[in-house]
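Shown next, in structure tokens, is the structure this report addresses.
The values are calculated or read from the model by the stated rules, or taken from the named source; none is laboratory data. This is a predicted model, so every value here is computed, not measured. Heads up, the Cβs are rebuilt from the backbone with ideal geometry, glycines too, and the neighbour counts pull from every protein chain shown.
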Amino acid sequence: MSDNNPFAVVAADVHAAVEAIVAGLTRFGEEARLALAWIDKSVPGAEQALALLFQAADVAATALEAEASGGLADIVGAAIGEAGSGVANLISASGLDLAAKSVLSAADVATVTAAKSIAQNAIAVATARLLGSAAGAARTDTPASQPPA
């Protein structure tokens, strides 16, 4: 393919963007490089999507590190383990067997990304329900003469 081929130019641009993202990672650099090597190179969009997933994980790890150093290390450690199991279960339920894959296609990356999104949204919904239930319980425990706090 010539360098003037639009597909080659786009692929080169995506590769450069992915390299920039991976280079900026502080915690997941090696994992990201390994995962990117695992992807089907004929699908540049999958490469970029996975790089963005690792970039988001790096930002999340920084936030969790701050939470852990604030005295919540045990809670953070447990949450990461439980979240990993939950996402693994979601991926398994989708029918994708990551252990059996020698390359990762765009469809596989989309499945992993969907599982991540489902897990994040499920946590948000569960948190909202928990807070709503607690607020409802607090309101029923408050005497009628006192306004809720």
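May I ask you to verify whether VAL14 is out of contact with any Pro (no Cβ under 8 Å at 6 or more places or on another chain) and not charged (D, E, K, R)? Spelling it out, it is not the case that VAL14 is out of contact with any Pro (no Cβ under 8 Å at 6 or more places or on another chain) and not charged (D, E, K, R). For region 112-133, the set of residues classified as small (Gly, Ala, Ser) and farther than 19 Å from PHE54 by Cα consists of ALA122, ALA124, ALA126, ALA128, GLY132, SER133, listed by residue number. ARG33 meets each of the listed conditions (1) free of Cβ contacts under 8 Å to residues at least 12 places away in the same chain; (2) in contact with a Lys or Arg (Cβ under 6 Å, 6 or more places away or on another chain) apart from (2).
Would you call ALA137 free of Cβ contacts under 8 Å to residues at least 24 places away in the same chain, among the aliphatic types (A, V, I, L, M) and part of a helix (DSSP H, G or I)? Yes, satisfied.
Going through region 32-44 one residue at a time, which ones are under 23 Å from ALA119 (Cβ atoms) and surrounded by 14 or more Cβ atoms within 10 Å (Cβ to Cβ)? Matches in region 32-44: ALA32, ALA35, LEU36, TRP38, ILE39. So ILE21 clears everything in (1) of a type in the set (Val, Ile, Thr); (2) assigned to a helix (DSSP H, G or I); (3) loosely packed, with under 11 Cβ neighbours inside 10 Å except one condition, right? Which one? Single failed check for ILE21: (3).
Regarding VAL109, is this residue β-branched (Val, Ile, Thr) and within 16 Å of LEU53 (Cβ to Cβ)?
yes
Please work out which one of (1) touching a helix residue (DSSP H, G or I) at 6+ places or on another chain (Cβ under 9 Å); (2) exposed (fewer than 15 other Cβ atoms within 10 Å of the Cβ); (3) over 30 Å from ALA11 (Cβ atoms) is the condition LYS101 fails and give its number. Result: LYS101 fails condition (3) only. Among residues of region 116-134 that are under 22 Å from LEU96 (Cα atoms) and assigned to a helix (DSSP H, G or I), those with a beta-carbon under 8 Å from a residue that is modelled with pLDDT under 95 and not hydrophobic (A, V, I, L, M, F, W, C) at least six positions away or on a different chain give the pairs ALA119/GLY86; ALA122/GLY86.
Would you be able to say whether some residue in region 48-61 is touching a helix residue (DSSP H, G or I) at 6+ places or on another chain (Cβ under 8 Å), of a type in the set (Gly, Ala, Ser) and either closer than 19 Å to VAL18 by Cα or not in a helix (DSSP H, G or I) (or both)? Checked region 48-61: at least one residue is touching a helix residue (DSSP H, G or I) at 6+ places or on another chain (Cβ under 8 Å), of a type in the set (Gly, Ala, Ser) and either closer than 19 Å to VAL18 by Cα or not in a helix (DSSP H, G or I) (or both). Of all residues in region 63-94, those that are in a helix (DSSP H, G or I), surrounded by 12 or more Cβ atoms within 10 Å (Cβ to Cβ) and of a type in the set (Ser, Thr, Tyr) total 1.
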